[in-house]
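Visitor: Got a structure here, written out as structure tokens. Questions coming.
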Amino acid sequence: MFTAADFIPNPYTSTIENGNFEWSAPSNIALVKYWGKKNNQIPANPSVSFTLNNCKTITKLAFSKKENQENFSFDLLFEGKPKEDFKPKIQKFLERVEVYLPFLKNYHFTIDTQNTFPHSSGIASSASGMAALAMNFMSLEKILNPEMTEDYFYQKASFLARLGSGSACRSVKGNVVVWGNQANIEGSTDLFGVEFPYTIHENFKNYQDTILLVDKGEKQVSSTVGHDLMHNHPYAERRFAQAHENLDKLIAIFESGNLEEFIKVVESEALTLHAMMMTSMPYFILMKPNTLQIINAIWKFRNETQIPVCFTLDAGANVHILYPENVSEKVLQFIQDELVVFCQNRQYICDKIGSGAIAL
């Protein structure tokens, strides 16, 4: 059984003065939602997500050895320009992971990052951003420790990403990724994301996700605050149990390809997530009126056409529309005809299942 101590390295056998790496890492969309966490970014319940393909962060890491090794030293560029307000988050991340990456104070880093989707569009950029940064740091550690295995490389990258942003651990490797200890899923752990280890039916290969940008503003309650509100939540324990039950249901659904049952689990999970927000103290609502308009339109369209299209939501107002590739044409026509009117500036993003981080 893995423990965090397994990721503390032995003394390094190689050295490097300077260099650079570049990685892209995608966002992901949870089907069974993670909401509520314990100390050290440990999830209160397991989750499973589809890895996205087009919505990603591209991060270049340049590093050079420095004389003074007492403090972290880094510059942060977002889309080529200095971004001071991102720096505290990176500083906190470096402090959290230093015990696992003891070389961090030996170098000055330039972190140059950009997203392929609009920043603050309400798409989880912390997941893709932290995953991309973790991949770069692991590339440097692999030079310092050339004996490192590929499995260890990806497990540790996911472990580190999690310490930056919980859901980032699901953006490292695999099409369908499980994070959190689940009795019936071999190898699952709270420490990092693992590729879903069982059969996945053809129905779910190349699944599509069209993201309707309902509200691109900053959320009035951050995810970090939302997670914390689960601590004294009246329905927390039942919710955590439900997540385990729904993940078990998905094991069978992924094998059978049963789209009707898939839709039930996925939509129920999305609404439960928001129900937890509405019933916490203080309570809050992240959906907008247009979120509800879209949900009702999807239900009506599905009833009338029997096309297996469904929605899910993150901790925000935007709607992810999930559907098999073979109905793409009809669903995209429906989005054009009936749903873009509910999007901010008629904006939406077409995405699909991807496979994780890529070295560039």
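Visitor: Please enumerate the residues belonging to the range 97-154 that are outside any loop (DSSP other than H, G, I, E, B), open to solvent by less than 30 Å² (accessible area, probe 1.4 Å), of a type outside the set (Gly, Ala, Ser) and over 22 Å from Gly19 (Cα atoms).
Guide: Asn115
Visitor: Looking at the range 22-48, which of its residues are farther than 14 Å from Ile211 by Cβ and open to solvent by less than 10 Å² (accessible area, probe 1.4 Å)? Walk me through how you get there before you give the answer.
Guide: Of the range 22-48, the ones farther than 14 Å from Ile211 by Cβ are 22-25, 31-48.
Hits for the range 22-48 are Ser24, Ala25, Leu31, Val32, Lys33, Gly36, Pro43, Asn45, Pro46, Ser47, Val48.
Visitor: Can you pull out the residues in the range 247-262 that are open to solvent by less than 40 Å² (accessible area, probe 1.4 Å) and in contact with a helix residue (DSSP H, G or I) (Cβ under 8 Å, 6 or more places away or on another chain)? Full working, then the answer.
Guide: Going through the range 247-262, the residues open to solvent by less than 40 Å² (accessible area, probe 1.4 Å) turn out to be 247, 250-251, 253-254, 257, 259, 262.
Passing the criteria: Leu250, Ile253, Phe254, Gly257, Leu259, Phe262.
Visitor: Additional query: Take the conditions aliphatic (A, V, I, L, M) and open to solvent by 30 Å² or more (accessible area, probe 1.4 Å) and apply them to Ala275. Does it pass? Walk me through it before giving the result.
Guide: Numbers: aliphatic (A, V, I, L, M): yes; open to solvent by 30 Å² or more (accessible area, probe 1.4 Å): yes.
In short, yes.
Visitor: Is at least one residue of the range 303-316 modelled with pLDDT of 95 or more and touching a Gly at 6+ places or on another chain (Cβ under 7 Å)? Even if it seems obvious, please write down each step before you answer.
Guide: Looking only at the range 303-316, we keep the residues that are modelled with pLDDT of 95 or more, and these are 303-313.
Filter once more, keeping what is touching a Gly at 6+ places or on another chain (Cβ under 7 Å): none.
No: the range 303-316 contains no residue that is modelled with pLDDT of 95 or more and touching a Gly at 6+ places or on another chain (Cβ under 7 Å).
Visitor: Please determine whether any residue of the range 321-337 is open to solvent by less than 10 Å² (accessible area, probe 1.4 Å) and under 25 Å from Gln220 (Cβ atoms).
Guide: There is at least one residue in the range 321-337 that is open to solvent by less than 10 Å² (accessible area, probe 1.4 Å) and under 25 Å from Gln220 (Cβ atoms).
The values are calculated or read from the model by the stated rules, or taken from the named source; none is laboratory data. Worth saying up front: this structure is predicted, and the values here are computed from it rather than measured. Here the Cβ is made from the backbone with ideal geometry for all residues, glycine too, and neighbour counts use every protein chain on show. Accessible surface areas use protein heavy atoms only, side chains included; no ligands, DNA or RNA. Shrake-Rupley method; radii C 1.70, N 1.55, O 1.52, S 1.80 Å.
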